[in-house]
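See structure below.
A short reminder: the numbers here are calculations on the coordinates, not readings from a lab. Bear in mind that the values here come from a model prediction, so they are computed numbers and not experimental data. No Cβ is skipped: glycine too gets one built from the backbone with ideal geometry, and neighbour counts run over all protein chains shown.
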Amino acid sequence: MDASIAHDHVAGRDDGDAGAADSDEALFAGVRGHAEAMIAWAGSAEALALDNGQLESRAMRDGLEFMRLLTQAHLDLRAAREQPRHDVTDAGGDARTSCEDGHERTRVMIYGPVRTTRIAYRRRGKENLYPQDAELNWGEHAYSAGIVARNAGAVAAGPFERAVEQVSAQGAIRLGKRQCEQLAIAAAGDFHAFYASRLPQPCQAGTGLLLTADGSAFPVLPGALRAATAKAAAARARQAAESGWPDNPSELRKSRKRMAELAAVADIPPAPRTAGDIITALFGPARSSSSGGGGPAPEPGPHAHGKTLFASVRRPAGEVIADAFAEAHRRDPGHQRPWFAVVDGNNHQIETITALAAKHGVQVPILIDLIHVTQYLWKAANSFFYPGDPAARAWVKQQTAKILAGRHRDVRAGIRRRATTYGYSPAERAGADECAAYLENKQDYLDYPAFLAAGWPVASGLIEGAARWLIKDRMEVTGARWGLDSAEAILRLRALRGNGDLDDYLAYQWSFALLGCADPGSADPGDGLDRPMLLLIGVSA
């Protein structure tokens with residue numbers, strides 16, 4: 001429950017009162033006793049006989065307990081000084097005039113559990129409100145901000161089991177796997193609000209804005225499958241039950257995955273290149289018969305700056321790409337910079353980018369990733385050459401050079417003509433026909449000369465690499481099958497980590513909670529991730 005509470009501190013006692021001072025001193029007596037015992041031990045014969053590892057281990061253990069005792073004493077002091085107040089209202093504006101002290105709850109810090117005692121403000125039929133929880137910015141869960149931050153960083157980097165070990169090893173607690181997953185889900189809830197709130201970095205007018213997208217599937221639990229995939233899974237299961245184990249087990253694996261969509265935005269300072277630079281980069285320098293060496297090194301390609309990645313397994317692909325457009329618009333609201341897109345040829349992505357460009361009123365030329373195009377050229381080469389024939393590579397290189405020069409129509413016509421001239425059978429020319437059809441269907445997105453002259457990238461390595469790191473390396477670990485909430489949370493946290501924004505994001509989330517603000521646009525309707533309102537003071541203990 002969101003609550004509105006005035007944060008004017010109420011004077012509890014006269015600081016000059018001797019009895020109050022003695023009481024405060026008594027609260028910290030245990031801390032002082034522990035500190036004195038630590039000092040005494042450090043000078044003892046036992047300590048002097050230890051090596052550095054043993055000394056470190058003992059000092060760490062005692063130091064963590066000192067921090068826990070210090071925090072506990074401070075919380076006890078807060079409880080002793082807390083006074084009833086008359087300005088507590090809930091989100092609906094209803095005043096809470098009935099209060100009751102002595103409400104306890106255990107909270108977990110990095111260095112161990114502590115107990116908070118506070119006054120509850122009550123109303124029949126309503127959840128209790130705890131102003132002290134608001135002042136300390138406790139969340140609905142029992143864990144401190146330090147644990148939340150460490151857990152977010154750990155789950156973004158590796159499996160939950162490893163994250164549990166890592167977070168637990170950093171202090172005096174033992175975090176459970178379920179708690180680790182729940183904290184990750186809560187921590188990911190401000191992803192979109194964070195990026196919507198950021199101010200754009202200064203950028204030169206000629207710097208390009210790259211938009212790119214890709215999809216990658218990973219195994220999910222049966223309940224997390226999309227409707228069409230679940231239907232296909234049921235059909236395959238029935239077939240397997242009727243005829244026994246399928247001839248191709250990969251057919252079953254197809255029914256266990258759900259596609260995640262990725263989209264990215266980046267600033268691209270122009271770096272003009274020629275077709276020869278690309279050919280050299282792809283196929284190596286041409287050999288010189290006179291010297292045996294290669295030609296000049298190719299010009300370096302453009303380098304992306306300010307990369308921001310968006311990813312979701314729950315939301316439709318169009319919405320994820322729309323996030324990228326919103327980020328691009330945030331960076332260039334006046335549309336003064338050149339926008340462009342590089343994709344792998346997926347029709348839905350092309351249609352979505354075209355529609356969003358029209359919606360935003362901006363020209364966005366689209367280019368098919370050159371590496372993807374060369375893969376089709378190799379399919380044609382496999383129709384024309386025997387496996388391992390060096391002439392196949394030379395032919396692909398030649399056709400690639402033509403396409404980079406804008407002669408894709410000549411390439412597809414030549415492929416069809418060669419297949420017909422040499423009388424290949426339909427089966428033999430299948431790869432050639434597929435390549436020619438692809439070049440014809442994508443002819444509006446093959447303007448490599450314009451992209452090279454403008455200094456823009458001609459391949460989608462940025463998003464391809466992100467898909468490998470974000471999805472393959474984390475979501476497809478052996479034996480993993482994901483639920484939607486945990487998968488969505490991990491995708492967001494890994495995206496934040498890949499963008500280099502995780503620390504800033506957690507600081508933003510924490511400051512948001514300190515202000516007691518709720519951004520109505522911060523949680524996506526139906527995405528399953530509620531915004532982690534760290535100022536949830538209306539929670540019964």
Only sites in a loop by DSSP and with at most 13 other Cβ atoms within 10 Å count here; which GluC sites (Glu not before Pro) in segment 154-184 make the cut?
none
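To the nearest 20 debye, what is the magnitude of the charge dipole of the chain about its Cα centre, counting +1 on the Cβ of each Lys and Arg and -1 on the Cβ of each Asp and Glu? Don't skip to the end; give the middle numbers.
Working: 61 positive and 65 negative charges, 536 e Å.
Result for the chain is approximately 2580 debye, rounded to the nearest 20.
From the helices alone, meaning DSSP H stretches of at least four residues, give me the mean residue ellipticity at 222 nm for the chain, per-run term -39500 (n - 2.57), in deg cm²/dmol to the nearest 500. Show your work: numbers first, answer last.
On the way: 22 runs with 265 residues, N = 541.
Calculated mean residue ellipticity at 222 nm is -15000 deg cm²/dmol.
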With angles folded into 0 to 90 degrees, how steeply does helix 29-42 sit against the dominant principal axis of the chain? Use alpha carbons for both and round to 10.
70
Label-point separation (nm) for E36 and A413, each offset 7 Å from Cα along Cα-to-Cβ?
9.8
Between helix 390-404 and the chain, what is the angle of the helix's C-alpha long axis to the longest principal axis, kept within 0 to 90° and rounded to the nearest 10?
80
[x] 0.96; [y] 1.10; [z] 1.17: which one is Rg/Rh (Cα atoms, Kirkwood Rh) as calculated from this entry?
[y]
Quick check: residue separation of A157 and A234 times 0.36 nm, minus the Cα distance between them. What number comes out in nm?
24.3 nm
For K379, go through the lysines and keep the ones whose alpha-carbon is under 25 Å away, minus same-chain ones fewer than eight residues off.
K254, K397, K402, K442
Could you name the lysines in cross-link range of K257, using Cα to Cα under 22 Å and dropping any fewer than eight places away on the same chain?
K231, K472
Rounded to one decimal in nm, the spacing of the 7 Å Cα→Cβ label points at N441 and S425 is 2.5
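What is the chain's relative contact order, in percent, from Cα pairs under 8 angstrom and six or more apart in sequence?
Values: 818 pairs, mean separation 110.3, N = 541.
Value for the chain: 20 percent.
Round to the nearest 0.05 the FRET efficiency obtained for R58 and A394 when R0 = 60 Å and r is the Cβ-Cβ distance.
Details: r = 70 Å, r/R0 = 1.16.
With a Förster radius of 60 Å, E is 0.30.
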Could you tell me the calculated FRET efficiency between R330 and A45, based on Cβ-Cβ distance and R0 = 56 angstrom, to the nearest 0.05?
0.30
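How long is the gain from A196 to A286 if the chain were fully straight, where each residue apart is worth 0.36 nm and the alpha carbon distance is subtracted? If you can, show how the numbers build up before the last one.
Details: separation 90, 0.36 × 90 = 32.40 nm, distance 4.82 nm.
Gain on extension, A196 to A286, equals 27.6 nm.
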What nm distance separates the two modelled labels at A80 and Y386, each placed 7 Å from Cα along Cα→Cβ?
9.3
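Based on the Cβ-Cβ distance from A205 to N347, what FRET efficiency comes out when R0 is 35 Å, to the nearest 0.05? It would help to have the intermediate numbers written out before the result.
Details: r = 33 Å, r/R0 = 0.94.
Between A205 and N347 the formula returns 0.60.
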